[in-house]
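Following: one structure in structure tokens, then a few remarks.
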Amino acid sequence: AQTVTQSQPEMSVQEAETVTLSCTYDTSESDYYLFWYKQPPSRQMILVIRQEAYKQQNATENRFSVNFQKAAKSFSLKISDSQLGDAAMYFCAYTPRGTGNQFYFGTGTSLTVIP
Amino acid sequence: GAVVSQHPSWVICKSGTSVKIECRSLDFQATTMFWYRQFPKQSLMLMATSNEGSKATYEQGVEKDKFLINHASLTLSTLTVTSAHPEDSSFYICSASGVAARQETQYFGPGTRLLVL
């Protein structure tokens, strides 16, 4: 079974500090994609970062970076210099290549940014 | 780029009526569109997957006759909630994939809040 686990239902971080959100997944596939999406109070799902499993290099997007550990099936998101606008629900998602793009989502982590 | 719109954003209807929600990819051709339902403080629950010109594939437990999905073009998919009842009240989100070089990535619409009285 393909599952995605986010073990931190809630996290908080001081403004300007760094926070790491964890995500693990279970799969027997070797080629797949991993994503982090942000869902602010508006509930619009926003793509934060995307990682291709066959790429060793960790993806980065400005203040957002991932620590992708393929052997450990771990895909954590690091947010640097946290801003008030980063407060949101964060979902980790997985999709195996060539299967019609169906996503498997984690249960989400609610991030609070403290001014 | 990769913008998905959804209309309406909010709808209130009486029990027994039907409601249609539109999902459009504005700047790319969406080979696949997905419909999700989300309850408060929960993750997204996939309802169905649709490919342009084909019948939608529904997830187990989702009533096909209740939630009609049409994907008539590469930029438009619709979800019709037929004979809506209060238990159908929820937040419905569509997504689309098909952006060149990022075929596997889903881009999401802003969602539709449905309240059935």
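The numbers here are math on the coordinates, done by the rules we state, and not lab data. The structure presented is a predicted model; accordingly, all values stated were derived computationally and were not measured. Positions of Cβ are generated from backbone atoms using ideal geometry, with glycine treated the same way; all protein chains shown enter the neighbour counts.
Of interest is the spacing of the C-alpha centroids, which for the stretch B:88-117 and the stretch B:1-72 amounts to 6 Å. Sequentially through the stretch B:31-43, phi angles give Karplus couplings (6.51, -1.76, 1.60; θ = phi - 60°) of 6, 9, 10, 10, 10, 10, 10, 9, 8, x, 6, 10, 7 Hz, Gly and Pro residues having no value and appearing as x. For the protein assembly as shown, how big is the tail of P(r) above 22 Å, as a whole percent of Cα pairs? That tail contains 53 percent of the Cα-Cα pairs.
Scanning residues 5 or more positions from B:I21 or on other chains, those with amide H under 5 Å from its amide H are B:L79, B:T80, B:V81, with H placed 1.01 Å from N in the peptide plane. Residue-wise HN-Hα couplings along the stretch A:16-23, as the Karplus relation 6.51 cos²θ - 1.76 cosθ + 1.60 with θ = phi - 60° gives them from phi, are 6, 8, 10, 9, 10, 9, 9, 8 Hz; Gly and Pro carry x.
What the phi angles of the stretch B:100-117 give under the Karplus curve with 6.51, -1.76 and 1.60, with θ = phi - 60°, is a coupling list of 3, 6, 9, 4, 8, 7, 9, 10, 9, x, x, x, 10, 8, 10, 10, 10, 8 Hz, glycine and proline written as x. If you count Lys pairs in the protein assembly as shown whose Cα atoms are under 26 Å apart, skipping same-chain pairs closer than 8 places in sequence, the total is 22.
For chain B, set up a Gaussian network in which alpha carbons nearer than 10 Å are linked by springs, and say which option among B:R102, B:R24, B:R37 fluctuates the most. Between B:R102, B:R24, B:R37, it is B:R102 that shows the largest mean-square fluctuation. Applying the criteria of a DSSP loop state and at most 16 other Cβ atoms within 10 Å to the chymotrypsin sites (Phe, Trp or Tyr not before Pro) of the stretch A:1-101 yields A:Y54. Amide H contacts under 5 Å for A:E17: A:S82, restricted to partners 5 or more places along the chain or on a different chain, H placed in the peptide plane at 1.01 Å from N.
Amide H contacts of A:M11 (H built 1.01 Å from N, in plane; Pro and chain starts excluded): A:S110, A:L111, A:T112 sit under 5 Å, all sequence-distant by 5 or more or on other chains. A Gaussian network model of chain A, with springs between Cα atoms under 10 Å, assigns the largest mean-square fluctuation among A:A72, A:A87, A:A16 to A:A72.
Take every Cα pair under 8 Å whose residues are at least 6 apart in sequence, average their separation, divide by the length of the stretch B:15-117, and the relative contact order is 33 percent.
Largest GNM mean-square fluctuation among A:L84, A:L34, A:L21, using chain A with Cα springs under 10 Å: A:L84.
For a 4.7 Å threshold on C-beta separation, the list of partnerless cysteines in the protein assembly as shown reads B:C13. Largest first, the extents of the alpha carbon coordinates of chain B on the three principal axes equal 43, 26, 22 Å.
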